[in-house]
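Working notes, beginning with the structure itself.
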Amino acid sequence: MTAVEPARRTRLYIDGAWRAPASDDLVAVVGAATEEPVGWVPAGSPTDVNAAVAAARRAFDEGPWPALTGAERGGYLRRLAAALQPRAAQIAATVAGENGSPITWAMSGQAYSPIALLDYYGTLADREGEATRPGRGTTITVRQEPVGVVGAIVPFNVPLMIAVAKLAPALAVGCTVVVKAPPEAPLSLFLLADAAVEVGLPPGVLNIVTGGAEVGEHLVRHPGVDKISFTGSTAVGARIAALCGADLRRVVLELGGKSASIVLDDADPAAIATGLLDVGMTNNGQACAAATRVLVPRARHDAVVDALVKAVGNLVVGNPLDPATDIGPLVTERQRGKVLGYVESGLSQGARLAVGGGRPAYLERGWFVEPTVFTSVTNDMRIAREEIFGPVLSLISYEGGDAEAVRIANDSPFGLAGSVWTADPHRGLAVARRVRTGNFGINRVGIDLAAPFGGFKQSGIGREFGPEALDHFVEIKTIVGVPD
């Protein structure tokens, strides 16, 4: 697969049409593998946020969207999914060009997942939003009403899928949405807007703006926004939570992780090595749910290390648009520097490199980091405590059986995801029930688009995916004294 032609986008999708932004300035989107522009987008500003929120406010307060039936709103979502279908290859190549996501994974994770989510919430949109039941001496009706205007702030790693994970349930229940695209990888959101124009989504229902931290903070603070849904780092999430708390604005936060893969003593190291890499290095390790702490029984340590080193040796590092590539570059030069800084930190604290740890010498351009495996890691090291967001695994030995593995897994400020690897799924289920994390897989990744996704502790507040996501975009109204 070859790269798509650089896109030059000069307008923003606001109020159902392509509108001129407040400034004529364009910002280059730099490709992770080429270090050259893969497109240009408007330099969004707070003025553009004001226009987008005003459009969303009108569409909610005065427009037809909240008054449509759930089936009618669901029909729009399904048509939007159908309009994205022929754009799938373009979406995958666009995101791969921006953030380095390997194209084979990008076809499923970056392109088909958002299509599936739109179809899924299109089907759920017609759920019953009102129920009448007997009260204490009277009849009561409990209604679920849309929360209002939603501000959705999206990260660079899976931009379209995460945007859809927010906007699809919000639109399904009758909210209107303003999406702020990530500055590092905004272009797939413009393809979504193209599809929205094609299907005739009513004006103001969906609006997409660009910009950096200033624009995001303006959206969070905007008095016309009723709820914020944010995915990103825990540090930024804490800032957003504080801003929303000051105004009692509703908020959903999907934040960082430092998840554990627990290898039990009955697991076959050779059989599980590829799976450990899948859950730890998917999307070049640029995944909040990456299970980058690998907890290994001391008696099986060397066998697991040997299997992982062999599996890493089979990974192809290179052009993200090549279907043979397993590991592409990181999103920016800054992110590569951050990851390499963690490698230096691990070495300085006594960890040992089993494989990787540097930049591939044969790749002259692009922000690549070799897939890396550390051994001799203890759970108090920075590489075991902090989210790295790159292809780096840390092996931690344990003794004392399953209980000790669970204790180490839970010894983290995060609680987003994780996995257990065992020949006995029932034993794995017992471990899964004891790890304090929002998502957990038995011999596989613990994420399913039809199941709620989110974290314990510093990994966030609220849930995305599944029918549970709908509940985050409604308010509950009780009416007492309902006539028979």
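Annotations
- Distance histogram for the chain (every C-alpha pair counted, 20 angstrom bins, percent rounded to whole numbers): 24, 54, 21, 1
- Taking the chain and dividing mean pair separation by its residue count, relative contact order in percent (alpha carbons under 8 Å, at least six apart): 18
- At 1.002 mPa s and 20 °C, Stokes D of segment 86-125 from Kirkwood alpha-carbon radius, µm² per second: 208
- Lysines whose Cα lies under 20 Å from that of K477, excluding same-chain neighbours fewer than 8 positions away: K227
- Overall, the chain carries a charge dipole of about 720 debye about its Cα centre when +1 sits on the Cβ of Lys and Arg and -1 on the Cβ of Asp and Glu, all other atoms neutral.
- Computed over segment 211-329, the quotient of the alpha carbon radius of gyration and 2.2 N^0.38 Å is 1.48.
- When segment 1-69 is described by a simple charge dipole with +1 on each Lys and Arg Cβ and -1 on each Asp and Glu Cβ, the residue from P64, P46, A17 located farthest towards its positive end is P64.
- Beta bridges per DSSP, both residues in the chain: antiparallel share near 45 percent.
- Residues R433 and S233, FRET efficiency given R0 of 30 Å [Cβ-Cβ distance, rounded to 0.05]: 0.55
- As a rough footprinting exposure proxy, the listed residues T69, T422 were ranked by other beta carbons within 10 Å of their own, and the order from fewest upward is T69, T422.
- Under the Debye formula (equal points on every Cα, no solvent term), log10 I(q)/I(0) of segment 260-449 at q = 0.19 Å⁻¹: -1.33
- Our coupling estimate for segment 355-365, obtained by passing each phi through the Karplus curve with A = 6.51, B = -1.76, C = 1.60 and θ = phi - 60°, is 6, x, x, x, 9, x, 5, 7, 10, 6, 10 Hz, Gly and Pro reported as x.
- Karplus-derived 3J(HN,Hα), 6.51/-1.76/1.60, for each residue of segment 381-386, Hz, glycine and proline x: 6, 4, 5, 9, 9, 10
- Computed [θ] at 222 nm, deg cm²/dmol, the chain (DSSP H ≥ 4; -39,500 (n - 2.57); rounded to nearest 500): -11000 deg cm²/dmol
- Footprinting exposure proxy for M107, M281, M161 (fewest neighbouring C-beta atoms within 10 Å first): M107, M161, M281
- Stretchable slack from A116 to A246, in nm (0.36 nm times residue separation minus alpha-carbon distance): 43.2 nm
- Charged side chains reduced to their Cβ positions (Lys and Arg at +1, Asp and Glu at -1) give segment 260-449 a dipole of some 380 debye around its Cα centre.
- Ratio of Rg to Rh over segment 44-100 (Cα coordinates, Kirkwood Rh, two decimals): 1.13
- Sorted ascending by nearby beta carbons within 10 Å, beginning with the fewest, K180, K310 become K310, K180.
- Alpha-carbon geometry of segment 142-246: the Rg and the Dmax are 13.4, 43 Å, given in that order.
- For the peptides 11-17, 134-140, the ranking by mean Cβ contacts within 10 Å, running from highest to lowest, is 11-17, 134-140.
- Full extension of the chain between D380 and A361 gives 3.7 nm of extra length, using 0.36 nm per residue less the Cα-Cα distance.
Since every read-out is calculated from the coordinates, none of them should be taken as a lab result. Remember, it's a predicted structure, so these values are computed and weren't measured experimentally. We place every Cβ from the backbone using ideal geometry, glycine too, and count neighbours over all the protein chains shown.
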